[in-house]
Amino acid sequence: MKEAKNRVLLDCTLRDGGYVNDWEFGHDKITEIFQRQVSSGVEMIQVGFLDDRRKFDMNRTIMPDTQSANKIFAGLDKGNAIVEAMIDYGTCSLDNIQTRKDGDFIDCIKVIFKEHLMEEALQYCKAIQDKGYKVFANMVNVTTYSDASLKKYAKLVNKVHPFGNSMVDTYGLMHKDQMLHIFQVLDKYIDQDIMMGFHSHNNFQLAYANSVEYLNADTKRTIVADGTLYGMGKSAGNAPIELLAMYMNEHYGK
């Protein structure tokens, strides 16, 4: 059995899965999915988008501000899970990210951005961090980065020092060698106490296979692989969280 403590799963069904149904899961199903994820032992649960262009809707997991999550998920037990929301950089004003207080539902905010926006997006991450949240920086379409860009990016990340940094295969273009090469560059230059994530898409039917390769990467840092129920998500979908969980149970004793 492999060492399990620094291998983590994140379920993003209520966020990435929302591309399938315009985030209208229905309140009963939202709470059921969340509770089942908590009971499964998944370490991180992404509960939707923060997007101030959208109105509050109890039945949808796309929310105009952080306080909306307190209403939608009121009374639910988070167990030991870290609860996360996502922002596509530029779609949610800092005014709609309330300073975090004890008892607030959202623990962590993940910010996605393209390569040319890295500097300003990481400053936005710092501002969210200053409001009391754990922060994940998310490198959209990581295949656009050269090795030189990855090194430059790593220096910027270390200055902000977020809770985590995630690389996203937005269009499902990567085979394992490319994915592992990008990870190895980031792993070398990003501070070791920053968690590293991988978000796959299934255009080449490699989301599960690449996620398994990633979970087995030779690193001492904590790494997290994303998945969704049945792989539901944007475009060709994601790695199925239930398959990743089965793998983690068998190989990591989760």
* **Residue in segment 129-148 that is of a type in the set (Ser, Thr, Tyr), loosely packed, with under 15 Cβ neighbours inside 10 Å and in contact with a helix residue (DSSP H, G or I) (Cβ under 8 Å, 6 or more places away or on another chain) present** => yes
* To do: List every residue pair whose Cβ atoms lie under 7 Å apart, where the two residues are 6 or more positions apart in sequence or sit on different chains, the first residue falls within segment 117-130 and is over 20 Å from Ile106 (Cα atoms) and touching a residue at least 12 places away in the same chain (Cβ under 8 Å), and the second residue, located anywhere, is in a helix (DSSP H, G or I) and open to solvent by less than 100 Å² (accessible area, probe 1.4 Å).
  => Met118/Tyr153; Met118/Leu156; Glu119/Leu156
* Asked: How many residues are among the hydrophobic types (A, V, I, L, M, F, W, C) and part of a loop (DSSP other than H, G, I, E, B) if we restrict to segment 94-111?
  -> 3
* Is one or more of the residues making up segment 27-39 closer than 16 Å to Ile106 by Cβ and surrounded by fewer than 21 Cβ atoms within 10 Å (Cβ to Cβ)? -> yes
* To do: Being touching a Leu at 6+ places or on another chain (Cβ under 7 Å) and over 22 Å from Ala121 (Cβ atoms) is the filter here, so list the residues in segment 173-202 that pass it.
  => His175
* Structure fact -> Every listed condition ((1) part of a helix (DSSP H, G or I); (2) closer than 26 Å to Ile82 by Cα) holds for Val135 save (1)
* Structure fact -> Considering segment 24-58, residues that are free of Cβ contacts under 8 Å to residues at least 40 places away in the same chain and part of a loop (DSSP other than H, G, I, E, B), and then whichever is nearest to Ser93 (Cα to Cα), we arrive at Arg53
* Structure fact -> Scanning segment 2-35 residue by residue, the ones that are on the phi > 0 side of the Ramachandran plot and touching a Phe, Trp or Tyr at 6+ places or on another chain (Cβ under 9 Å) total 1
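Yes/no matrix, rows are residues, columns are (1) under 17 Å from the mean Cα position of the chain (by Cα); (2) loosely packed, with under 15 Cβ neighbours inside 10 Å:
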site: Tyr89; (1), (2): yes, no
site: Ser93; (1), (2): no, yes
site: Arg100; (1), (2): no, no
site: Asp104; (1), (2): no, no
site: Cys108; (1), (2): yes, no
site: Phe113; (1), (2): yes, no
site: Glu120; (1), (2): no, yes
site: Ala127; (1), (2): no, yes
* To do: Tell me, please, whether a residue that is more than 18 Å from Asn238 (Cβ to Cβ) and in a helix (DSSP H, G or I) can be found in segment 72-93.
  => yes
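Please find, within segment 195-242, the residue that is nearest to the chain's Cα centre (by Cα) out of those that are among the hydroxyl-bearing types (Ser, Thr, Tyr) and farther than 18 Å from Leu180 by Cβ.
Thr228
The values are calculated or read from the model by the stated rules, or taken from the named source; none is laboratory data. Note that this is a predicted model, so its numbers are computed, not measured. A quick note on method: Cβ atoms are made from the backbone with ideal geometry, for glycine too, and the neighbour counts reach across all protein chains shown. Note: accessible area is taken over every heavy atom of the protein model, side chains too, but ligands, DNA and RNA are not part of it. Shrake-Rupley method; radii C 1.70, N 1.55, O 1.52, S 1.80 Å.
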